[in-house]
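All remarks here apply to the structure that follows.
The values are calculated or read from the model by the stated rules, or taken from the named source; none is laboratory data. This is a predicted model, so every value here is computed, not measured. Glycine also receives a Cβ, built like all others from the backbone with ideal geometry; neighbour counts cover every protein chain displayed. The area values use the complete protein model at the heavy-atom level, side chains included, leaving out ligands, DNA and RNA. Shrake-Rupley method; radii C 1.70, N 1.55, O 1.52, S 1.80 Å.
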Amino acid sequence: MPPRKLSAKRSRRDITVEGTSAAPKFDSHRFRSAEHQQRFEAIKGWSFHRERCVQLRDDEYIDFQEEIVCRRWASLVTPMAKFDPVIVLEFYANAWPTEEGVRDMRSWVRGQWIPFDADALNQFLGDPLVLEEGQEFEFSQRRNRAEGFDEEAIAQLLCIPGQDFSGTAAGRRVWIMRTSMTTLTQI
């Protein structure tokens, strides 16, 4: 029997090596492993909420606007006009840790590694932060010193009167819900 002719329109995914059983049982162009592909299937029903675009007049919240300029955060406060939700889900699925205690701060997206560690995020922001060996971020330093991170004062400053941090079942204060924040804090 003569060999079959291959269609000219076959995609890379359709091509398999005949006679080998070692071919991966997952789409290796889109996923790091079969576990990551399963994770994608588990989260593919997620929906995305558009980022809120806040337009401030030049005379509104001047201190806040100056802080954005000073820290060079314009890229953070300007939402992306378009994005592909499937690619975003692939990023999240491939960033999911498969082993306990092993955290790889990069993800596999459409055949490319995408780092999301502190250096990559600082580079995205246009202001790479260089820490000396053993040096911590300012936030970490304050959080680790009990006298430098006054949660009560923070709650009073950021929250609507009578509101507070939300926390874990163990009672650890972790975050402040958006609905508990003042308007300026939300902005």
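Tyr92 sits with roughly 110 Å² accessible to a 1.4 Å probe, with DNA, RNA and ligands left out of the calculation. From largest to smallest, the equivalent ellipsoid semi-axes obtained for the range 27-81 from the alpha-carbon gyration tensor read 39, 14, 8 Å. State whether the range 33-138 is rounded, prolate or oblate according to the following rule on the C-alpha gyration tensor (a ≥ b ≥ c being the square roots of its eigenvalues): a/c under 1.5 gives rounded; otherwise a/b larger than b/c gives prolate, and the remaining case gives oblate. Here the range 33-138 falls in the oblate category.
Given a 1.4 Å probe and the protein chains as shown, Met181 ends up with an accessible area of around 40 Å². Under the simplified labelling scheme, the Tyr92-Asp59 pair shows an inter-label distance of 4.2 nm, with each label point 7 Å from Cα along Cα→Cβ.
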